[in-house]
Every structure is written in C-alpha cells, then in structure tokens.
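Submitted below is the structure of interest, expressed as structure tokens.
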Amino acid sequence: MDSHRRGLDPSVPDAASLAPLLSALTRHRPDALIAPSMWQTIETAAKRLPPTSEFGFECHLLSGGSRVDLVTRISRSDGSAAIMAGGNARYPLPTGLDAGKFWPHIIDLCARWCSSGTSPDFAFDALWLEFDAGDMLAGHTQPSVAFFYVDAAAARSARDTIADIVDRVLPAMREGARDDRLAGAIAACLDATAPKSRLSHIGIPLARGGTETRVCLRLPRETVGPGLAALGLGATADHIAGAMALLDASCHATLQLALTPGVALGFGLEIGSSSAAGWKTILACLHAGGLCTPVEAAAIAGWTSDPAALGGTFPWPPLGAGRLPANPRAAADAIAWRLPSHVKLSFPADRPVSAKAYLYAGCVWPRT
C-alpha cells in the first residue's frame, strides 16, 4: 500500500481539496489509460473540488488515454457530505464552488442530508458526481452527471425508495416540474426484470445536458439477455447473452437504462468481478471484441495496490471505509488503495459499441 507523508499548509487553496489525495496516486498513473496531459487536467480540477475518501477515473478505451472522466463519491460516513454542505470550518468549500447552475442544488441537498431535522431520512447512501473530460479540459468543474446509490434502501422497499428519489431528491437537484410518470416507469423496469433484478442507482444528467433519468439494475449475468428482451431491447439480447456466458461465475452485471420516461433504445452494461479469475475473462472478452488493446487490458488488471490480490478475491473497499481527518493537514498521511471496479459497454442506438474502464481509488488514515 502507498503512504505519502508531507506537510501541507492549510492556507494553501488546495490543502482542503481533493488534490492532496489525488497526488498519492500520481506515480501509479497507468500511461495506457490516462495520458500525462489528461492527468494534469484532472489535477487542476481536483484543486477546485472538496475532498472525499473515494474517487475514481472513467477511462474511455481506445482513446490513447486522452479522454478520462473524474468521479467522486460523496457520503456522510466519511465526512465528505458535511464538507460539501459547507458545514466544516476546517474544510471550506473551494472558491466559486457555490456558483454556477448545479453546485447550489448539490450543496443544499447535502445540507438537508446531513441535518438531523430531515425526516424521513433520504433513501440514498452515497452521491456519485461525474466530471466529463471535455468540461475539465475547457476549465469547467461542473458535474456532468449525478448518481444516487440506493441499493440498501431499495432492498428494504423498492417502492418507497423510488417514491423518495422521484418526489424529494430529483426535484432538489434540477429545476422543473416533477414527472408523475417517472415512478411508474422505474417500477415497470423492475417488474419486467423480476424477480432477479435489484435497483442500485438512480441518476440524472447535469452539465452534460438531457432530461432522461438513468436507472441501474443489478442482474445475475445469466439473466441479462432475457432482461433486455423483457424491456423491449431484444435486438442485441442474444449476442450479449452469448458473451455473458463466457464470463467467470464471479462476474456481476448492472444494466443502465435511460428513461424519458419510456425506455430509450440505447443502454449501458456494466460488468465487474470480485476476483482475478473474473477480470481475466472480462478483459479477454473486451479484447476479442476489439474494444481494448492488450496494453490497456494489462493496465486495468494492474490497477491494484496489493499485488497479492491479483491471485485471489478483492474485498471492497480493500482497506475498509475511510474517514477524512479532522485536520486537512493530516490528509498527507493517507494510505491509498487502488482497484478496478468495472467496465461499461455502451450500446447507443445510432453508434457502434464503445467501452470504458472504471478505475477506483480511495484513502484511509492511520488512527492517531
């Protein structure tokens, strides 16, 4: 594991930002997936973002490392939600973060999420924010997409979870009237893929534009083909079912749908594994389909902070949950971890299939 210890002056603007945590990974940058110039762009963006104990990189394959999106995970458990809410004097929000079209909504939602006066509690455990490469290259640090992790709440009651996200969360994130058809559309997707499907994330586009709602359903790999057919997306179902049959039993799949509120023709398929054997079959299928190069496949497999894990299983997160230190100066004491999360195959209605690799990272801090 990697431990970087260096003094930070909290008066420096990026001392209370994501930048010091990102720096713990600089020497591990996979050149085949993240080009030097792209990494510098991400570093610049990180100075304008609050810290979080988990983040990652969406690497567009076959791009020569020139197109990489940044992802950050906001949660109450690591203290990042309270920081995003502006409620931590030690971690002031970066200058200008409360401006723009989207940040004020995110800050306000986090403040309500962290408030003991909010009842009932929101039905999500984490908020993932994605920052597109094109926006970062243009000097804009606006979230392109937001995803709410609802797995635990949906396991208790999918109906209540859908209602909370549709009635309270989404209206707080974007302007516009509530779409009364949306809750029914999400429920219909679950019903069509029942009984094996599980609702994991609900997302919306922000700076990327668009009005669709993203719905992520976790499915056993052998039910992906039938699930697509049940959703009216059967044109590629047989081909995808054949590919899924080649994967190791440890592989898991998540179907990402775009609701308008009807099911759009384009969709995404996320595939990951908790074992080295599973990743070997995932990367072999990617390469066989012409969706990545051998060098890219090796770089994905090598994105691990514990080489011993390559021969076994991957706990998630590898070192347990991190919590941001009370003093930003202690951020430099972080012990960083790295792990491949999943690959996403995009099946747009009017373009060829493309793939992205999701490389996740995080930090924990030694107890003092």
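In the list 33, 70, 97, 93, which residue meets the criterion of being buried (at least 18 other Cβ atoms within 10 Å of the Cβ), closer than 20 Å to residue 329 by Cα and not basic (Lys, Arg)?
Exactly one of 33, 70, 97, 93 is buried (at least 18 other Cβ atoms within 10 Å of the Cβ), closer than 20 Å to residue 329 by Cα and not basic (Lys, Arg), namely 93.
Which of (1) hydrophobic (A, V, I, L, M, F, W, C); (2) without any contact (Cβ under 8 Å) to a residue 12 or more places away in the chain; (3) buried (at least 18 other Cβ atoms within 10 Å of the Cβ) does residue 138 not meet, given it meets every other one?
Checking residue 138 against (1) hydrophobic (A, V, I, L, M, F, W, C); (2) without any contact (Cβ under 8 Å) to a residue 12 or more places away in the chain; (3) buried (at least 18 other Cβ atoms within 10 Å of the Cβ), the one that fails is (3).
Using the structure shown, decide if residue 359 is assigned to a strand (DSSP E or B), at pLDDT below 95 and in contact with a strand residue (DSSP E or B) (Cβ under 9 Å, 6 or more places away or on another chain).
When the stated conditions are applied, residue 359 does not pass them.
Condition test on residue 362, is it within 19 Å of the chain's Cα centre (by Cα) and on the phi > 0 side of the Ramachandran plot?
Criteria not met by residue 362.
Please verify whether segment 123-146 includes one or more residues that are at pLDDT 95 or above and touching a Cys at 6+ places or on another chain (Cβ under 9 Å).
Checked against the condition, which is being at pLDDT 95 or above and touching a Cys at 6+ places or on another chain (Cβ under 9 Å), segment 123-146 yields at least one hit.
Also, quick follow-up: Can you find even one residue in segment 107-126 that is more than 27 Å from residue 356 (Cβ to Cβ), touching a residue at least 60 places away in the same chain (Cβ under 8 Å), of a type in the set (D, E, K, R) and surrounded by fewer than 18 Cβ atoms within 10 Å (Cβ to Cβ)?
Among the residues of segment 107-126, at least one is more than 27 Å from residue 356 (Cβ to Cβ), touching a residue at least 60 places away in the same chain (Cβ under 8 Å), of a type in the set (D, E, K, R) and surrounded by fewer than 18 Cβ atoms within 10 Å (Cβ to Cβ), which makes the answer yes.
Also, quick follow-up: The conditions are (1) hydrophobic (A, V, I, L, M, F, W, C); (2) touching a helix residue (DSSP H, G or I) at 6+ places or on another chain (Cβ under 6 Å); (3) modelled with pLDDT of 90 or more, and residue 310 fails exactly one of them. Which is it?
Unmet condition: (3).
I've got another one for you. So the check is Cβ under 8 Å with 6+ separation or different chains; which pairs have a first residue in segment 10-26 that's farther than 14 Å from residue 50 by Cα and a second one that's modelled with pLDDT under 90 and assigned to a loop (DSSP other than H, G, I, E, B)?
What qualifies is 23/4; 24/4; 24/334.
Which of the residues that make up segment 164-174 are among the charged types (D, E, K, R) and in contact (Cβ under 8 Å) with a residue 40 or more places away in the chain?
Matches in segment 164-174: 164, 168, 174.
Among the helices (runs of 4 or more DSSP H) lying completely within segment 7-111, list those that include at least 1 residues that are among the charged types (D, E, K, R) and modelled with pLDDT under 95.
none
The values are calculated or read from the model by the stated rules, or taken from the named source; none is laboratory data. This one's a predicted model, so the numbers in the text were calculated from it and none came from an experiment. Neighbour counts are summed over all protein chains in view; Cβ atoms, including those assigned to glycine, are modelled from backbone coordinates with ideal geometry.
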